[in-house]
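Peer 1: Quick one: the structure is below, questions incoming.
The values are calculated or read from the model by the stated rules, or taken from the named source; none is laboratory data. A quick note: this is a predicted structure, and the numbers were derived from the prediction, not measured. Reconstructed Cβ throughout: ideal geometry from the backbone, glycine too, with neighbour counts over all protein chains shown.
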Amino acid sequence: MKNNKKIMIILLILIVLVILIIVCTLLLKDRTTGVVANVINESDENLLMEYVEDETNIMVEQEKSKTIFATLEDIINNSDSNYKLIKEIFKLNIPVNQAYAVHSKLNTEDVYELVYLDADNATYEIQQLQETDYTNIKNGTIDNKLIHEESIKSNGNNSYSLNVLNDENFATFYYTVIKNLMQSNQMELYNILNTEYRENRFENFEDFTEYCNSMNQLIIDKDLYKYGKSTNNGIEQYICQDDIGTTYIVNVKSNTDIEVLLDDYTIETDDFKTKYESANFQTRAITDADKVMKMINTKDYRAIYNLLDETYKANNFATIDSLINYINTAFYSSNYYTISNVSEQGQYYLVTITCKETAAASADTKENRLIIALGDGTSFKMSFALE
């Protein structure tokens with residue numbers, strides 16, 4: 001009996017010890033888990049508080065709407081005498097006013113702005129951005145100090161309307177963009193010229209600025225007279241022409257990726273070549289005379305000088321300056337012209353051109369005659385029929 005009691009006591013002691021060990025283990029585990037959990041929660045809370053104070057995660061997407069592009073282009077240039085051209089737009093998906101991060105170019109300067117649109121009040125607000133702010137927004141975070149949570153009150157100069165444009169309106173828009181760049185952002189206009197065109201038309205940037213400066217006073221009061229639009233391989237092409245035939249071609253790859261040609265004769269298209277070479281000789285001579293008049297109206301004196309018959313050039317215009325002086329005397333600064341007569345004289349064609357300084361019926365006129373010598377393909381030589 002005594003042995004049995006001893007065995008029972010030992011078993012009970014062992015059972016109690018096992019229970020105590022289990023209880024202690026559980027308590028220790030809970031305590032450890034609780035400490036770890038408290039540390040993590042406290043760290044998360046501190047991080048969250050710091051995050052809330054400084055930055056907010058946002059969803060951003062590249063803005064592709066033509067309407068928004070044209071609207072923002074107007075807004076960022078509303079009160080700026082120097083015209084900026086938008087290069088990139090990102091829409092911010094935040095629960096406040098519509099917001100757009102805009103990167104534009106002003107000559108050699110990169111400009112970053114955050115534009116808020118209050119659709120209810122049709123007002124806007126612009127905040128200047130540092131490049132780092134703009135980059136952060138593109139990467140999905142925004143400094144909370146930049147977020148505009150209030151309605152935007154009118155200050156008399158911050159109203160807007162959406163530019164919902166059709167093809168003709170967009171042709172006018174691009175025509176106006178080119179004029180504005182020519183006047184106050186010549187470097188950016190130079191940069192967006194079609195590469196082949198730029199290399200053929202201008203010797204360098206200085207040559208280009210001379211062209212812009214000579215054209216500015218002539219086009220300042222010009223408006224779009226007629227336009228054409230076509231689409232090829234996803235690229236929209238707008239052909240914009242004023243009332244004296246000055247033609248600008250805009251190839252739109254995307255809203256913020258365009259290339260420009262400032263005339264329609266420096267680069268001959270395959271379509272032009274086909275039509276020219278299938279035309280009769282008189283029509284070719286008229287086409288060539290029209291090209292010369294476009295060169296005169298766009299001050300493309302070097303191109304005219306290179307077209308002159310070599311013997312005629314040597315006898316009459318030893319320098320390009322002498323040619324410029326003659327043109328300034330024989331023609332107007334802006335010429336409204338008509339081709340009134342074409343006659344064949346041996347291997348040459350004599351083309352009569354009547355020019356007016358304005359479109360008015362009562363405007364003074366000047367009459368000039370061009371002698372056109374057709375060459376191979378679309379080439380030709382010319383001279384002025386001097387009295």
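Peer 1: Against the definition (surrounded by 15 or more Cβ atoms within 10 Å (Cβ to Cβ), at pLDDT 95 or above and more than 21 Å from LEU165 (Cα to Cα)), how does TYR112 come out, yes or no?
Peer 2: Yes, satisfied.
Peer 1: LYS145 fails exactly one of the following numbered conditions: (1) on the phi > 0 side of the Ramachandran plot; (2) free of Cβ contacts under 8 Å to residues at least 12 places away in the same chain. What is the number of that condition?
Peer 2: Against the list (1) on the phi > 0 side of the Ramachandran plot; (2) free of Cβ contacts under 8 Å to residues at least 12 places away in the same chain, LYS145 comes up short only on (1).
Peer 1: From TYR175, TYR190, TYR197, grab the single residue that is part of a helix (DSSP H, G or I) and closer than 29 Å to LEU117 by Cβ.
Peer 2: That would be TYR175, the only listed residue that is part of a helix (DSSP H, G or I) and closer than 29 Å to LEU117 by Cβ.
Peer 1: Hey, can you tell me all the residues within the range 349-362 that are surrounded by fewer than 18 Cβ atoms within 10 Å (Cβ to Cβ) and either under 38 Å from the mean Cα position of the chain (by Cα) or part of a strand (DSSP E or B) (or both)?
Peer 2: LEU350, THR352, THR354, GLU357, THR358, ALA359, ALA360
Peer 1: Which members of the range 125-139 meet the condition of being farther than 16 Å from VAL96 by Cα and surrounded by 13 or more Cβ atoms within 10 Å (Cβ to Cβ)?
Peer 2: If the condition is that a residue be farther than 16 Å from VAL96 by Cα and surrounded by 13 or more Cβ atoms within 10 Å (Cβ to Cβ), then LEU129, ASP133, TYR134, THR135, ASN136, LYS138 are the ones that fit.
Peer 1: Go through the residues of the range 294-310 one by one and say whether even a single one is surrounded by fewer than 18 Cβ atoms within 10 Å (Cβ to Cβ) and farther than 28 Å from ILE239 by Cα.
Peer 2: Taking every residue of the range 294-310 in turn, at least one turns out to be surrounded by fewer than 18 Cβ atoms within 10 Å (Cβ to Cβ) and farther than 28 Å from ILE239 by Cα.
Peer 1: Are there any pairs with C-beta distances below 7 angstrom linking a residue in the range 198-212 that is closer than 13 Å to THR266 by Cβ and free of Cβ contacts under 8 Å to residues at least 24 places away in the same chain to a residue that is of a type in the set (Lys, Arg) and surrounded by 13 or more Cβ atoms within 10 Å (Cβ to Cβ), with the two at least 6 apart or on different chains, and if so which?
Peer 2: Taking only residues 6 or more apart or on different chains, not a single pair turns up.
Peer 1: Scanning for something touching a helix residue (DSSP H, G or I) at 6+ places or on another chain (Cβ under 8 Å) and either hydrophobic (A, V, I, L, M, F, W, C) or surrounded by 12 or more Cβ atoms within 10 Å (Cβ to Cβ) (or both), does the range 338-346 turn up at least one residue?
Peer 2: Within the range 338-346, one or more residues are touching a helix residue (DSSP H, G or I) at 6+ places or on another chain (Cβ under 8 Å) and either hydrophobic (A, V, I, L, M, F, W, C) or surrounded by 12 or more Cβ atoms within 10 Å (Cβ to Cβ) (or both).
Peer 1: How about the range 372-382: which of its residues are free of Cβ contacts under 8 Å to residues at least 24 places away in the same chain and either part of a strand (DSSP E or B) or not small (Gly, Ala, Ser) (or both)?
Peer 2: If the condition is that a residue be free of Cβ contacts under 8 Å to residues at least 24 places away in the same chain and either part of a strand (DSSP E or B) or not small (Gly, Ala, Ser) (or both), then ASP376 is the only one that fits.
Peer 1: Oh, and also: Name the single residue, out of those in the range 248-293 being basic (Lys, Arg) and in a helix (DSSP H, G or I), that is nearest to ALA171 (Cα to Cα).
Peer 2: Per the criteria, the residue is LYS291.
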